[in-house]
Amino acid sequence: MQPNGTAGQPTDRPIRSVGVIFAMEAEGASVADTIGLGPPEPLHENLPMRIRRGRLDDLEVTMAFNGIDSDHQVDRIGTEAATLTTWMLLQQQRIDLLVNAGTCGGFQAREGHVGKVYMAGYGLYFHDHRVNIDGFREYAEGPIMLSHGSVLAGELGLDSGPVSTGCSLDVTPAEIRFFQERGVIAKDMEAAAIARVARDMGIPCIAVKSVTDIVDSDKPTHEEFLRNLARAVDRLDEVVISLLRLLAEGRTLDRI
Ligand code: SAH
């Protein structure tokens, strides 16, 4: 049996192998090229998920991408593909630390701006999982607590706070209230799903998210997303490379 959660892991365990999950090709292809990772390989013969493997000094790096949907020719964003990618990656590769890297919506009420990169902190929510039955409510919306990330956030100069995941790019008024009540700093479509599988598998997990659009502004999210994607990804790349360099210097779990 795998341990449920990472609490039982020795804190002085060294990080020798890191997995980085991206939802979209455009979010991670350039950083994988910069590090010199190998070409895309399938995670499973029937599924679109791809991995690229290589090393940064002594650190083993595996980047995983959800892949392209064969019916619609777009990236498989969202929680279903993220869950499956995480499960397959953790089944097939020895990973000491899992990182979800990607883009997000930010909040001007909490000083978010395009290109700002956050480290998820405290916990991860699902803002569109509404089940009004005691117990199931808390299971559905989280938070999934995070035990790691605060040391790296400090070293990388990243603000940190709750991230919330859902399956839509736009928002409802109820979701806006959800974000306000919980002090959510970033809205995405994968982080909580990835963290839940990592937790079940006993693998420590962190998330870094770069802002492409501002949720609490009057500009249409999809237009902002497309206009700002390249800028947000440049900043994300810088942070992912700095993060991997810190890990490659040699890290134990208690210094993550
Ligand atoms: N139209 C885009 C689709 C991107 S959807 C395209 O060109 O393919 C949004 C992706 O970026 C998801 O993987 C999600 O995690 C992240 N994201 C960025 N801004 C978001 C927001 N405001 N809400 C939810 N997810 C967001």
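Of all the numbered requirements in (1) touching a residue at least 60 places away in the same chain (Cβ under 8 Å); (2) of a type in the set (Gly, Ala, Ser); (3) within 13 Å of the ligand (Cβ to nearest atom), residue 67 misses one, and that requirement is (1).
Here's a check for you: in region 83-110, which residue that is in a loop (DSSP other than H, G, I, E, B) and not β-branched (Val, Ile, Thr) is farthest from the ligand (Cβ to nearest atom)? Filtering first and then ranking leaves 94.
The set of residues in region 20-64 that are assigned to a loop (DSSP other than H, G, I, E, B) and within 16 Å of the ligand (Cβ to nearest atom) comprises 23, 24, 48, 49. Flag: residue 80 does not match the condition of being crowded, with 16+ Cβ neighbours inside 10 Å, among the acidic types (Asp, Glu), within 14 Å of the ligand (Cβ to nearest atom) and assigned to a helix (DSSP H, G or I).
Residue by residue, here is whether (1) at pLDDT below 95; (2) in contact with a strand residue (DSSP E or B) (Cβ under 9 Å, 6 or more places away or on another chain); (3) surrounded by 18 or more Cβ atoms within 10 Å (Cβ to Cβ); (4) within 15 Å of residue 105 (Cα to Cα) holds:
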residue: 141; (1), (2), (3), (4): no, yes, yes, no
residue: 154; (1), (2), (3), (4): no, yes, no, no
residue: 161; (1), (2), (3), (4): no, yes, yes, yes
residue: 164; (1), (2), (3), (4): no, yes, yes, yes
residue: 171; (1), (2), (3), (4): no, yes, yes, yes
residue: 179; (1), (2), (3), (4): no, yes, yes, yes
residue: 184; (1), (2), (3), (4): no, yes, yes, yes
residue: 189; (1), (2), (3), (4): no, yes, yes, yes
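Being in a loop (DSSP other than H, G, I, E, B), over 18 Å from residue 236 (Cβ atoms) and within 15 Å of the chain's Cα centre (by Cα) holds for only one residue in 147, 164, 168, and it is 147.
The values are calculated or read from the model by the stated rules, or taken from the named source; none is laboratory data. Quick caveat, the model's predicted, so the values are computed rather than measured. Glycine also receives a Cβ, built like all others from the backbone with ideal geometry; neighbour counts cover every protein chain displayed.
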